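Structure, as structure tokens:
The values are calculated or read from the model by the stated rules, or taken from the named source; none is laboratory data. Since we're looking at a predicted model, the values are computed, not measured. Cβ placement follows ideal geometry from the backbone for every residue including glycine, while neighbour counts extend to all protein chains displayed. What goes into the accessible areas is simple: the full protein's heavy atoms, side chains included, and nothing from ligands, DNA or RNA. Shrake-Rupley method; radii C 1.70, N 1.55, O 1.52, S 1.80 Å.
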Amino acid sequence: MDNLPEDLPADLNLMEMRPKIIGARVQRVEDPRLLTGTGQYTADIKLPNMAHLAFRRSEMAHATIDNIDVSAALAVPGVIAVYTAEDFYGQITPPRAESKTEGFHSTPILPLADGKVRHVGEVVVAVVAESRYIAEDAAEHIEIDFTPLPVIADPREAVKNEVLLHDDAGTNVLVDRTFGRGEVDDAFSQAAHIVGGDFRTTRKTASPIEARAAVCEWDRGRRTLTLWSATQVPGVIRDTIGDVFGLSGSHVRVIAPDVGGGFGCKTCLYPEEMVACAAAIKLGQPVKWVSDRMEDLVGTNQAFDEYVHAELAVDAEGHILGLRADVVGDSGAYSIYPWTAALEPVQVISFLPGPYRMPAYAARTRAVATPKTPLGAYRGIGRPTATFVMERLVDLAARAAGIDPVEMRRRNLVQPHEFPYRTGSGLVWDRVGFIESLDAVTDSIGYDDLRAEQLKMREAGRKVGLGVVCYAELGGIGSRIAVAPGMPINTGVETANIRIDATGAITANFGTASNGQGLETTLAQVVAEELGCRVEDVEIRHGDTSLMAHGSGSYASRSAVLAGGAATVSAREVRANVLKVAAMIMEVAESDIDMVGSRIYVPGTDREMTLKQVAHTYYQEMGRLPKEVREEVPLESTRSFDPYLGTAACASHAALVEVDPVTWGVKILKYAAAEDCGRIINPDVADGQMRGGIAQGVGVALLEEIIHDEDGQILTASLVDYVLPSAVEVPIMDVMHVESENPDNGTGFRGLGEGGIIGAPAAIANAIADALDIDIREIPITPEKLFRQTGN
Amino acid sequence: MKPPPFTYVAATSVAEAVAALAAHDGEAKVIAGGQSLVPMLNFRLLAPAALVDINGIRELDFVDATADGGLRIGALTRHYTLLTSPDVAERFPVLGEAMRHVAHLAIRNRGTIGGSLSHADPAAELPMMVTLLDATLTVAGPGGERQLAAADFFDGALTTVLAEDELLTTITLPPLPQPHGWGFHEFAQRAGDFALAAAAVVLTADDGAAANVRLAVMGVDENPSRIAAAEAALVGQPVSDDTIAAAAAAVREAVDPPEDLHGSATYRRHLVGGLVERAIRDAWARATGNAGGAA
Ligand SMILES: Cc1cc2nc3c(=O)[nH]c(=O)nc-3n(C[C@H](O)[C@H](O)[C@H](O)COP(=O)(O)OP(=O)(O)OC[C@H]3O[C@@H](n4cnc5c(N)ncnc54)[C@H](O)[C@@H]3O)c2cc1C
């Protein structure tokens, strides 16, 4: 206890004097490795005799495959094998994500297109060669005869089922769900103002810096498959690959090494992973596939892409009476594994009512198959669209009712005394800082002064606008709430295994997988605080299925809550056992000792032991402890944590923008966001999550759009045309964390990882609408669109 | 995104490079900074039999201030060198400003003026600058050297009059009247991207009237161009809201903008007119000593 005075009063509550580790700005422990180029990503893995995989992908959106001639490819020197769909018959059982969702139709995930292609970029032929260069050369020599099939690229047309993408599904509408409560028609008939109409969020892609990658090795002797994959969900991949290849889980090991961003797009099982495994097994030689950016833009699951018709009814004072919505989501060609096509469009209507009191709600959503890259998960999933639409509606209603938009929100936000609040879609908000975050953000930008300043700037001819938005999300979701009912995996639980080994070192194993968000640091902080050691004493291991019996990975703002919860209960158990053992060694009562900074001591005396000494005595000194202690008091604990429900998290964002009436370019002059993520583990990491999310939200709002033509051809096939924000376009932002009342979920943590991208598009859209006195119905908001919309 | 196979020739002199190009019968490509060529190879849009690397030709990397007040620039001069050259800043400040809009630092460290001109992207700043500044381009081929006016060098989008065995070696900028006013405005959705449109103006104020007017635009046609009608609208009178409007109208009338994902022809036509107005205002303010008001 270096930092405590020596003459401590004996009755001092030492728990309170302990240096706080949770909540401290601990430097990220993974950064030295990642920033000095000594991290190891999947592409860095090199194995002896490793072969390289490249794909020939479909140039057609929808066509039958009549013939594939691979002879010229096979003749290229250095080519090892060329595979088409038939080569995997009997070897691969294509997985299907099933769901009990009403009106749900599943589709298989195929390793290679079989008989027909369903989107541009679908994998058709796999080439294995001595180098990626040779594999790409050979792929060019493959001749595929296609017969084009009709392409219905617009999901609003595809619902008519005039052309089916999956004959066995019998429909293009893979999901059709309705939510509601209250008398919506009454609400609308009593309304003083009804606002709304058609909204559109176009297709996006997550674009992590590290695109997907897989290296697979098959140990013929042990019949064991090892797959290194740039994935967020190694546990899900292990479980599925086992079934796909008929191998038991003990013979499949999936490792997610350092992963350079995921943002949700690495939470699915992909065809390329199956093909890499199948090829490695067939050839008995390791096989590597590293996606290039072109492949990423056509082969990695995409996001957003909804048509939303929504209307809001309010009374004369601006109180919300009711909301109705009809959503058509463009699911692309396949229902993804394991999340299904329900994921994105169902979230839109789940979250549409937002943090507001909503007496009546009726919504329908459909997930519609079209010949495009499948829609998957991307940070925020559905909620950026929900928030964009709802926050536009609230601004429109405020304008119609002649009420200031911030005042409008204050009138309608669920108030502190109303928690827990069941939303129109059935979600439950526990006590969270809706009002507190709105107050924090409006204070930080000086809302009233800024409005006055805005008036002056507008009088001077400047097109300046202010947008303020609120949203709520559910994070850290337990087993009570499935992403899709009957979904094949349990997302509601995580497990920690913490142990002290014979050297006194502390290892904490988890079923999560970091993709750069700082989990090694935040989990170490939780373990250190609860166990009584220093952050640097804890080695966090995850992203390797050999560590844990089960674990679904890192996504959905869940890791801090679920793995953090598991770390808490597990670390407490290890601590109790360490103290029990140490008390026995030191011959004092357990209640008389404490552990801080890996030192066990008797307060008020000079008696202390290091954790290393305790571990040495426990493991190595025969006869020192009764045998029952070693048998029954392990210095190890494996505990799972299931928060059962979820916990709300929320934020308010504010943007001040200026539009240039010559170029119609948008500049963000000011940006502020205040969020409530409950008890904060590490303010720097929390800040980083917000800032990164907001940066992506800027792209969503102003720049990013995957564009297909009516033949289903992708026109944005490189990062020249799919425009991501760079540092220059991302504003300087003021990020604040408010803690209202911490949730009673075992840790006080709420989910945080997705928030930034949920609020930013709506805030920017509202600010632009305010600047130009126009309505904004579609994102991204490009100069071209503003030019046209302002009557040019 | 791996290039198809090619052989590689490292040239150390202009003669060697020209010989290597000639030896490959039109199947070889020069590689300078590689910033445009390598992406095209990786996309497999090009499959040259050989690459002739000119990075080892030291004699092509120079910026010389000439006695007449102009500049001679070697084709291998990097964008970063032009951006930071005191001679460029002093003699051709409009060029210095334009360079700030070319790509990003990492690309500017490799990309070359010769590469940019030979690549002839319709929205690249350097082709526009040599057009605006009436540069003379020196080209070496198997038969010796020839000189071309910048206006004659470009031959449509991504096309020049260079023969397959020719190398662009030197860019000569004739002097500008000193003092002069200049203006440069461009718009891209994202910093460092190729512009949706840009406008550049150089002029002098002679007894209160605009003179020596040069006005060029890019991104709104297959190649950058000077707009004679717009220049004429400004010459011989003080710059005013009316003459500015007339010049902008002349530009909008003269151009034939492309349509792509990032902007329609109508929008680009509107945009370039607005940028022209801003560039003229800045140039006039600088020429008349009111540069404080210029952006
Ligand atoms: C992300 C990105 C953004 C960019 N943004 C911009 C921008 O905003 N504005 C802009 O102007 N440019 C931009 N560029 C292009 C950049 O400026 C390139 O450097 C330039 O276009 C080509 O120069 P280089 O030296 O790299 O040529 P290379 O790529 O090596 O060659 C380009 C072409 O020119 C030929 N060539 C090169 N040198 C000669 C020569 N001396 N004689 C004959 N032929 C030759 C080559 O054979 C090839 O066909 C951008 C590039 C990237 C990658």
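For chain B, count the residues as N, evaluate 2.2 N^0.38 Å, and divide the Cα radius of gyration by that value, please.
1.01
For A:Glu494, enumerate residues with amide H under 5 Å from its amide H, sequence gap 5+ or separate chain, H modeled in the peptide plane.
Those lying under 5 Å, H to H, from A:Glu494 are A:Phe641.
Apply 1/(1 + (r/R0)^6) to the Cβ-Cβ distance of A:Asp185 and A:Glu102, taking R0 = 22 Å, and write down the FRET efficiency to the nearest 0.05.
Calculated transfer efficiency: 0.50.
How much of the DSSP beta bridge set in the range A:271-375 is antiparallel, as a percent to the nearest 5?
In the range A:271-375, DSSP labels about 45 percent of beta bridges as antiparallel.
So what's Rg/Rh here for the range B:225-272, counting alpha carbon atoms and using the Kirkwood radius for Rh?
1.07
Using a 1.4 Å probe on the heavy atoms of the protein chains only, list every residue of the range B:163-197 that has 30 Å² or more less accessible area in the complete assembly than in its chain alone.
Buried on complex formation: B:Phe187, B:Gln189, B:Arg190, B:Ala191.
Taking 10 Å² as the minimum loss, tell me which residues in the range B:18-61 lose that much accessible area going from the chain by itself to the full protein complex (1.4 Å probe).
Those residues are B:Phe43, B:Arg44.
Please compute, for the alpha-carbon atoms of the range A:441-542, the extent along each of the three principal axes and give them in descending order in Å.
Result, largest extent first: 73, 41, 21 Å.
Pick out, in residue order, every one of the trypsin sites (Lys or Arg not before Pro) in the range A:602-676 that is DSSP loop and has at most 16 other C-beta atoms within 10 Å; say none if there are none.
A:Arg607, A:Arg624
Just for the Cα atoms in the range B:7-53, what are the lengths along the principal axes, largest first, rounded to whole Å?
In descending order, the Cα extents are 30, 21, 13 Å.
Could you work out the percent of alpha carbon pairs in the range B:181-288 separated by over 16 Å, rounded to a whole number?
Tail of the P(r) past 16 Å holds 51 percent of the pairs.
Cα-based Rg (one decimal) and Dmax (whole number) for chain A, in Å?
My reading of the Cα-based Rg and Dmax gives 27.8, 90 Å.
With all protein chains present, how much of the accessible area of the protein assembly as shown (probe radius 1.4 Å) comes from carbon and sulfur, to the nearest whole percent?
Carbon-and-sulfur percentage of accessible area, whole number: 50.
Counting chymotrypsin sites (Phe, Trp or Tyr not before Pro) as exposed when in a DSSP loop with at most 16 other beta carbons within 10 Å, what is the longest stretch of chain A free of them?
Segment A:90-643 is the longest.
Taking amide hydrogens as modeled 1.01 Å from N in the peptide plane, which residues meet the under 5 Å criterion relative to A:Ala113, leaving out close sequence neighbours?
Amide H to amide H, under 5 Å and 5 or more residues apart or across chains, A:Ala113 pairs with A:Val123, A:Val124.
Just the C-alpha atoms of the range A:507-607: what Rg/Rh do they give, with Rh taken as the Kirkwood radius?
Rg/Rh for the range A:507-607 comes to 1.07.
Find the sum over both chains of the accessible area lost when B and A are paired, probe 1.4 Å, and report it in Å² to the nearest 100.
The summed interface area works out to 2400 Å².
Among the aspartates and glutamates, select those whose C-alpha is under 18 Å from the C-alpha of A:Lys580, and discard any that sit fewer than 8 residues away in the same chain.
Straight-distance partners of A:Lys580: A:Asp501, A:Glu530, A:Glu590, A:Asp592, A:Asp594, A:Glu608, A:Glu621, A:Glu628, A:Glu631, A:Glu632, A:Glu636.
Could you work out the per residue convex hull volume over the alpha carbons of the range A:499-557, in cubic angstrom?
Dividing the Cα hull volume of the range A:499-557 by its residues yields 92 Å³.
Could you give me the radius of gyration and the Dmax of the range A:160-232, taking only the C-alpha atoms into account and expressing both in angstrom?
Taking only Cα atoms of the range A:160-232, I get Rg and Dmax of 24.3, 75 Å.
Restricting attention to the range A:604-671, which GluC sites (Glu not before Pro) occupy a DSSP loop and are surrounded by at most 16 other Cβ atoms within 10 Å?
Of the GluC sites (Glu not before Pro), the ones in loops of the range A:604-671 whose Cβ has at most 16 other Cβ atoms within 10 Å are A:Glu621.
Once you have all Cα-Cα distances for the range A:595-708, histogram them in 5 Å bins from zero and send the whole-percent values.
2, 7, 10, 11, 10, 8, 8, 8, 8, 6, 6, 5, 5, 3, 2, 1, 0, 0
Within the range A:198-328, what percent of beta bridges assigned by DSSP are antiparallel, to the nearest 5?
Of the beta bridges lying entirely in the range A:198-328, close to 85 percent run antiparallel.
Can you give me the Rg/Rh ratio for the range A:262-354, using Cα atoms for both radii and the Kirkwood formula for Rh?
Looking at the range A:262-354, the ratio lands at 1.21.
For the protein assembly as shown, with the dipole built from +1 on Lys and Arg beta-carbon atoms and -1 on Asp and Glu ones, taken about the Cα centre, which of A:Val588, B:Thr7, B:Phe92 lies farthest toward the positive end?
Value: A:Val588.
Just the Cα atoms of the range B:1-142, one point each, no solvent: what log10 I(q)/I(0) does Debye give at q = 0.09, 0.12 Å⁻¹?
The Cα Debye sum returns log10 ratios of -0.28, -0.50.
State the extension gain, in nm to one decimal, for the chain segment bounded by A:His550 and A:Asn161, taking 0.36 nm per residue of separation less the distance between their alpha-carbons.
In short, 136.0 nm is gained.
Please compute the Kirkwood hydrodynamic radius over the range A:685-786, one decimal place, Å, based on all pairs of different Cα atoms.
Taking the inverse mean of 1/r over all distinct Cα pairs, the range A:685-786 comes out at 15.7 Å.
Would you list, by chain and number, the lysines whose Cα falls below 30 Å from the Cα of A:Lys282, excluding same-chain residues fewer than 8 positions away?
Counting by Cα, and skipping residues close in sequence, A:Lys282 has these lysines nearby: A:Lys46, A:Lys116, A:Lys266, B:Lys2.
Under 13 Å from the Cβ of A:Thr224, count the other residues' Cβ atoms, weight Lys and Arg +1, Asp and Glu -1, and hand me the total.
+3
Could you do me a favour and compute the accessible area per residue for the protein assembly as shown, 1.4 Å probe, result in Å²?
Computed with neighbouring chains in place, this is 37 Å² per residue.
Work out how far the C-alpha atoms of the range B:58-173 reach from end to end along every principal axis, then list the three figures in whole Å, largest first.
If we take the Cα atoms of the range B:58-173, the spans are 35, 32, 27 Å.
At q = 0.13, 0.14, 0.24 Å⁻¹, what is the base-10 log of I(q)/I(0) for the range A:208-299 according to the Debye formula with one equal point scatterer per Cα and no solvent? Please give it to two decimals.
Ignoring solvent entirely, the Cα scatterers give -0.39, -0.45, -1.23.
If you consider only alpha-carbon coordinates, what radius of gyration and Dmax does the range A:347-392 have, in Å?
12.4, 39
Please report the antiparallel percentage of DSSP beta bridges with both residues in the protein assembly as shown, rounded to the nearest 5.
80
Select from the range B:229-295 those GluC sites (Glu not before Pro) which occupy a DSSP coil region and have at most 16 other Cβ atoms within 10 Å, ordered by residue number.
B:Glu259
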